[in-house]
Each structure stands twice: as structure tokens, then as C-alpha cells.
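K.L.:
Dropping the structure in here first, questions after.
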Amino acid sequence: MGSAPPQLPSIEGLTLENITETTKLINSQCPNPRLRYIMERLVQHVHDFARETRLSSEEWMIGLNFLVQTGQISSDVRHEFILLSDTLGLSMLVDGINHPKPPNSTEGSLLGPFHTHDAPTLDIGANMSNDPQGEPLLCICTVKDTKGNPVPGVKIDIWETDSSGHYDVQHADRDGPSERCVMISDEKGRFWFKGIRPVSYPIPHDGPVGKLLEKMGRHCWRPAHLHFIFQKDGWDNLVTALYVRGDKYEKSDAVFGAKEALTIDFTTADAAIAKEYDYPEGGLLLVQDFILTTQAQTDKLRDDLAVKAIKQLGLNLKLVDHLPVPDVD
Ligand code: BEZ
Ligand code: FE
């Protein structure tokens, strides 16, 4: 082999008491400061986890085998590790850290595994559902900034399940996108579309994550929701969803995506709405504002919160590209 091995600190007098510090010392040679910091914290937490739980050898092996099975069931169209992260509350935590929201803006939620890139771009007002069993729903929405100004030209991805609680991609005989579309907000920040009343549905639970939920005494259901992604240059991407108040699973979402700020109430269309939007009077209606933040607003808030968190940790860190790294200079 070509180059000489790196000079590492020598491991001497290894004990259970110093194995954490020794492992961290060996890793401290990592030339990438961000990876060095991540591994330093990972080793600390994983070792503490073993010490605090007095992890048995059997449990250690069960855990490793669980991870192997999680990998084995994963494929191009199934990412069981993301599902694991979702059910551990980690996905929502990471989203919250990366996309902090000022109080007057729309909060984020989970992307989930069922967003696709083949949704048709439809004219404002179009119907995105092909499901004759679904109860028609008219959604009249606006996109605004945190000062209340309309944001035109936003690309909005919208998707939901059919009335049986399945996304189009879950049907083996899928012959194209359904219950999904892309729209662009108009000059007044408005967009409206027709879909169907969302229903609750179970997350994929035939794999190791589903088995773990069962062992934990947890269910695998998500409350009824509609998914959205808002994208425009200069603005923080908003991945979110709206959850239906009163759903059986409103307060026990298996993946922790539902929250009060994103919980909506339907109303019904009056005669004026029915006429203006070519929609049956008395039909199900949702009227919703979405408030976006600029990239600059989000970056500043994220940095402020990171500085606060670093201070609480009491570690010698600085921010590089909005991420903490050891401050060695
Ligand atoms: C979803 O809402 O589509 C979803 C989110 C997380 C896991 C499974 C499904
Ligand atoms: Fe969903």
C-alpha cells in the first residue's frame, strides 16, 4: 500500500473508565472539523447509552440485527431508515433545527416517502383527484411573507392519498400520477385546487420498524393530512402538511408530524364561493394562508438558535456554514 499510515496517539492503559476518552482521542485526528465534531459527540452519547442501560450482549446483538434488517428491506423505493428516524421523532427534530420558524410563519412537517417528481403542473383551480369515491374538497389558499405581502410565482407541490388511504405509488397497477399536482401561485399569491377529503392511513408496517412499533405498544397510523412543498429562489423551502382536526389519530401521529399549528378545520362553500369557484354549494371547503420566510430570515434564526445551544453545551465551538465545529484557533 502506498502512503504511510497516519500518526495516531498510542493507546495505552485502556480501561472501561477511559475507553470513551481514548476513542475520542483517536478520532480527534480527523482532518474534517465537522465530521470530527459529529463523531466526538456520537461516541460520547453511544458510550453513555451503553453505560446508562447496562446494555447486555444479547441486547447489543438484537440491536445490530435490527439495523441489518432495516437495511435489507430498504430499496430504491423504500427507505426503512427514514421510517425509523420518523418513528423516533428524529426527522421532525432535524427539520425543526434546519428550518426554524418565526412565530408568525407556517411550520414545517414531514416529507414522508410518497412525494414523487412526476406530478403534473396544473392550472390554478384544477382538480388533482381521479378518485370518484373521494368526497370533493375545494382548497382556496394564499402564499404570503411574514409581513402579509403576497408571494407570487411560488412552485407548490401538493399530494394526498386516495379515499382508501393509499398514495398512487402504493398501487401495483399505477398508470400515472393521481391525487398530486404542482401549481404556481398567481400575482396575488393565490392558488386554489380541488382534491378530496383526506383520510388517516397506516405507515408501511410490514418491516422491522412496524415490528418495533408493535413491541413498543404503539400504532402505525397517521392522522388525515394534505402534503405541500413551497419552493421559490431566495425563500426557505417549506415542506409541510395540514392535519384534520378531530381525526382519531390527531394526537398520536406515529411519526410525530402532526401539530396544533398545522391542524385545520373544514367549512362548507356558500353560494358566493360556489359561483366563483364553480363548486357545489355546501361542498367541503378549506381556506388557508401559508406564510413563508426568506432564506435570510431562516439562516439568521438558525444561527441565533445554534449559538444559544452551543452556549448551553459549554463546549468550545464556532459556527462554520451555519454548523458548529470545534473552535481550535
Ligand atoms: C406520509 O405522510 O406520507 C408519511 C410520513 C412518514 C412516514 C410514512 C408516511
Ligand atoms: Fe402522508
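K.L.:
For the stretch 203-247, name all the residues that are assigned to a helix (DSSP H, G or I), over 16 Å from residue 112 (Cα atoms) and touching a residue at least 60 places away in the same chain (Cβ under 8 Å). Write out each step before concluding.
P.N.:
First, pick out the residues of the stretch 203-247 that are assigned to a helix (DSSP H, G or I): 208-215.
Checking which are over 16 Å from residue 112 (Cα atoms) leaves us with 208, 211-215.
Those that are assigned to a helix (DSSP H, G or I), over 16 Å from residue 112 (Cα atoms) and touching a residue at least 60 places away in the same chain (Cβ under 8 Å): 208, 212, 213.
K.L.:
Let me ask something additional. Would you point out the residue of the stretch 101-139, among those that are hydroxyl-bearing (Ser, Thr, Tyr) and within 16 Å of ligand 1 (Cβ to nearest atom), that is nearest to residue 269 (Cα to Cα)? Reasoning before the result, please.
P.N.:
Looking only at the stretch 101-139, we keep the residues that are hydroxyl-bearing (Ser, Thr, Tyr), and these are 105-106, 109, 116, 121, 129.
If we keep only those that are within 16 Å of ligand 1 (Cβ to nearest atom) too, we end up with 109, 116.
Numbers: 109: 28, 116: 31 Å.
My answer is 109.
K.L.:
Going by the structure shown, is residue 194 away from ligand 1 (no atom under 15 Å from the Cβ) and either within 17 Å of residue 106 (Cβ to Cβ) or at pLDDT 95 or above (or both)?
P.N.:
Numbers: away from ligand 1 (no atom under 15 Å from the Cβ): yes; either within 17 Å of residue 106 (Cβ to Cβ) or at pLDDT 95 or above (or both): yes.
Spelling it out, residue 194 is indeed away from ligand 1 (no atom under 15 Å from the Cβ) and either within 17 Å of residue 106 (Cβ to Cβ) or at pLDDT 95 or above (or both).
K.L.:
Quick one: would you say residue 81 is closer than 15 Å to residue 210 by Cα and outside any strand (DSSP E or B)? First the steps, then the outcome.
P.N.:
Details: closer than 15 Å to residue 210 by Cα: yes; outside any strand (DSSP E or B): yes.
Against the criterion (closer than 15 Å to residue 210 by Cα and outside any strand (DSSP E or B)), residue 81 qualifies.
K.L.:
Sticking with this structure for a sec: State all residues of the stretch 259-270 that are surrounded by 11 or more Cβ atoms within 10 Å (Cβ to Cβ) and part of a helix (DSSP H, G or I); if no residue qualifies, say none.
P.N.:
Listed by number, the residues that qualify are 261, 262.
K.L.:
Same structure again: Please verify whether residue 161 is assigned to a loop (DSSP other than H, G, I, E, B), modelled with pLDDT of 95 or more, over 21 Å from residue 102 (Cβ atoms) and not charged (D, E, K, R), treating the condition exactly as stated. Spell out how you get there, then give the answer.
P.N.:
Numbers: assigned to a loop (DSSP other than H, G, I, E, B): yes; modelled with pLDDT of 95 or more: yes; over 21 Å from residue 102 (Cβ atoms): yes; not charged (D, E, K, R): yes.
Yes.
K.L.:
Shifting gears a bit: Where the second residue is in a loop (DSSP other than H, G, I, E, B) and away from ligand 1 (no atom under 12 Å from the Cβ) and the first is more than 14 Å from residue 300 (Cα to Cα) and lies in the stretch 88-103, which pairs have Cβ atoms under 6 Å and are six or more apart or on separate chains?
P.N.:
95/108
K.L.:
Checking residue 147 against (1) more than 24 Å from residue 210 (Cα to Cα); (2) touching a residue at least 24 places away in the same chain (Cβ under 8 Å); (3) surrounded by fewer than 18 Cβ atoms within 10 Å (Cβ to Cβ); (4) out of contact with any Lys or Arg (no Cβ under 8 Å at 6 or more places or on another chain), which test does it fail?
P.N.:
(2)
K.L.:
Quick check on my filter: what residues within the stretch 226-249 are within 17 Å of the chain's Cα centre (by Cα) and away from ligand 2 (no atom under 13 Å from the Cβ)?
P.N.:
Applying the first criterion (within 17 Å of the chain's Cα centre (by Cα)) to the stretch 226-249 yields 226-231, 236-243.
Answer for the stretch 226-249, where residues must be within 17 Å of the chain's Cα centre (by Cα) and away from ligand 2 (no atom under 13 Å from the Cβ): 230, 231, 236, 237, 238.
K.L.:
Kindly indicate which of 206, 173 is within 25 Å of residue 131 (Cα to Cα), of a type outside the set (S, T, N, Q) and surrounded by fewer than 17 Cβ atoms within 10 Å (Cβ to Cβ).
P.N.:
Details: 206 fails: within 25 Å of residue 131 (Cα to Cα).
Of the residues listed, the single one that is within 25 Å of residue 131 (Cα to Cα), of a type outside the set (S, T, N, Q) and surrounded by fewer than 17 Cβ atoms within 10 Å (Cβ to Cβ) is 173.
K.L.:
Name the single residue that is surrounded by the fewest Cβ atoms within 10 Å (Cβ to Cβ) among those in the stretch 271-329 being among the small types (Gly, Ala, Ser) and in a loop (DSSP other than H, G, I, E, B). It would help to see each step written out before you state the result.
P.N.:
Taking the stretch 271-329 and keeping what is among the small types (Gly, Ala, Ser), we get 271-272, 274, 282-283, 296, 306, 309, 314.
Going one step further and asking which of them are in a loop (DSSP other than H, G, I, E, B), we end up with 282-283, 314.
Details: 282: 11, 283: 16, 314: 7.
Result: 314.
K.L.:
Which residue out of 142, 70 is over 18 Å from the mean Cα position of the chain (by Cα), outside the structural domain of residue 193 (by TED's automatic domain parsing) and buried (at least 18 other Cβ atoms within 10 Å of the Cβ)? Don't jump to the end; show me each part of the working.
P.N.:
Details: 142 fails: outside the structural domain of residue 193 (by TED's automatic domain parsing).
70 is the lone residue from the list that is over 18 Å from the mean Cα position of the chain (by Cα), outside the structural domain of residue 193 (by TED's automatic domain parsing) and buried (at least 18 other Cβ atoms within 10 Å of the Cβ).
K.L.:
If you don't mind, there's one more thing I want to ask. Would you point out the residue of the stretch 166-202, among those that are under 14 Å from residue 115 (Cα atoms) and assigned to a loop (DSSP other than H, G, I, E, B), that is nearest to ligand 2 (Cβ to nearest atom)?
P.N.:
Residues of the stretch 166-202 that are under 14 Å from residue 115 (Cα atoms), as a first pass: 166-170, 176-182.
Pick out the ones that are also assigned to a loop (DSSP other than H, G, I, E, B) and you get 166-167, 176-179.
Numbers: 166: 11, 167: 7, 176: 19, 177: 15, 178: 14, 179: 11 Å.
Among them, the one singled out is 167.
K.L.:
Across the stretch 104-128, which residue is modelled with the lowest pLDDT among those that are within 15 Å of ligand 2 (Cβ to nearest atom) and small (Gly, Ala, Ser)? Steps first, answer last, please.
P.N.:
The first filter runs over the stretch 104-128 and keeps only residues within 15 Å of ligand 2 (Cβ to nearest atom), leaving 108-116, 119, 128.
Going one step further and asking which of them are small (Gly, Ala, Ser), we end up with 108-109, 112, 119.
On the way: 108: 97, 109: 97, 112: 92, 119: 96.
In this case the residue turns out to be 112.
K.L.:
Could you please give the count of residues in the stretch 106-124 that are surrounded by fewer than 15 Cβ atoms within 10 Å (Cβ to Cβ) and either basic (Lys, Arg) or in contact with a Ser or Thr (Cβ under 9 Å, 6 or more places away or on another chain) (or both)? Break it down into steps so the answer makes sense when it comes.
P.N.:
First, the residues of the stretch 106-124 that are surrounded by fewer than 15 Cβ atoms within 10 Å (Cβ to Cβ): 116-118, 120-121, 123-124.
Next, only the ones that are either basic (Lys, Arg) or in contact with a Ser or Thr (Cβ under 9 Å, 6 or more places away or on another chain) (or both) stay: 124.
Final tally of qualifying residues: 1.
The values are calculated or read from the model by the stated rules, or taken from the named source; none is laboratory data. Note that the structure is a prediction, hence the values are computed from the model and not measured. No Cβ is skipped: glycine too gets one built from the backbone with ideal geometry, and neighbour counts run over all protein chains shown.
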